[in-house]
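Let me begin by presenting the structure, written as structure tokens, before commenting on it.
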Amino acid sequence: TPYDPTLRDPANLEFDAFETWSNVSQDEEVAAQLNFEFDTGIGIIKTGVKYRGREKVVDDYIIGYTWDRTLADFESESPDWIWDQTFGSHLSGSDTYALLDSIDQMEVDFEDDLSRDFSTKENIMAAYIQDTIDLENAVIIFGVRYEATDFKSIAYDQNGDLVYAENDYDFVAPNLTVKYFLNNNIQ
């Protein structure tokens, strides 16, 4: 039982909005890599470069329609529920679907047509060099990898103003691995 009996009165339940939307999302990626290997007599040197570029653009077009109507202006129903609960009146399924034919009677609200649009670009460049030396009872692998990332993004804030973000960073990752063989079964 509601605290206020007028809470479920269909004349007090105003039409808020009816939204239509379309979403176009484009995601493109380009990647390329070159790897080389040289036997120097002391060890096997591997080197290479890698590039990966990605761009994503999302156009999420939302149009809101408002209307000076209440639930009392439509056919309403109270859904059945297996437990002893009352949800109050709801717009019938047929009237909900029929709203599509009433759009020309509603006011158009473009306020939210940009809020989910964005584009991002990310470029990653990487290079490495590695040497593997085989000894009688050991294998030594050492090398270094360098990676640089450039990231840029454009979106809209709640006021429809453009917002920019970017992040550029790089790192160097050295590596040294030594495997020593005590015998054929233990290393």
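The values are calculated or read from the model by the stated rules, or taken from the named source; none is laboratory data. Note that the structure is predicted; figures quoted are calculated from it, not measured. Using ideal geometry, Cβ is built from the backbone for each residue, glycine included, and neighbour counts are taken over all protein chains shown. Please note that ligands, DNA and RNA were not included when accessible areas were found on the heavy atoms of the full protein model with its side chains. Shrake-Rupley method; radii C 1.70, N 1.55, O 1.52, S 1.80 Å.
Just a few scattered comments:
- Scope the stretch 1-50; condition open to solvent by 80 Å² or more (accessible area, probe 1.4 Å), under 25 Å from LEU91 (Cβ atoms) and not aliphatic (A, V, I, L, M); matching residues: THR1, TYR3, PRO5, ARG8, ASN12, GLU14, ASP16, GLU19, TRP21
- Selection status of VAL57, of a type outside the set (Lys, Arg), closer than 30 Å to SER153 by Cα, in contact with a Gly (Cβ under 6 Å, 6 or more places away or on another chain) and modelled with pLDDT of 85 or more: no
- Pairs with Cβ under 6 Å, 6+ apart, first in the stretch 174-187 and under 28 Å from VAL144 (Cα atoms) and free of Cβ contacts under 8 Å to residues at least 24 places away in the same chain, second part of a loop (DSSP other than H, G, I, E, B) and open to solvent by less than 100 Å² (accessible area, probe 1.4 Å): GLN187/PHE181
- Candidates are the residues of the stretch 5-62 that are aromatic (Phe, Trp, Tyr) and in contact (Cβ under 8 Å) with a residue 12 or more places away in the chain; the one that is nearest to MET125 (Cα to Cα) is TYR51.
- Residue-level check: of (1) in contact with a helix residue (DSSP H, G or I) (Cβ under 9 Å, 6 or more places away or on another chain); (2) at pLDDT 65 or above, PHE118 misses just (1).
- Residues in the stretch 71-88 that are within 24 Å of THR20 (Cβ to Cβ) and open to solvent by less than 60 Å² (accessible area, probe 1.4 Å) were compared, and the one that is modelled with the highest pLDDT is LEU71.
- Filtering ALA165, ALA148, ALA155 for residues that are in a strand (DSSP E or B), among the hydrophobic types (A, V, I, L, M, F, W, C) and within 17 Å of LYS50 (Cα to Cα) leaves a single hit, ALA148.
- Checked against (1) closer than 17 Å to MET106 by Cβ; (2) touching a strand residue (DSSP E or B) at 6+ places or on another chain (Cβ under 7 Å); (3) not in a strand (DSSP E or B), ALA11 meets all criteria but (1).
- Test set (1) surrounded by fewer than 16 Cβ atoms within 10 Å (Cβ to Cβ); (2) closer than 25 Å to GLY53 by Cβ - PHE118 fails condition number: (1)
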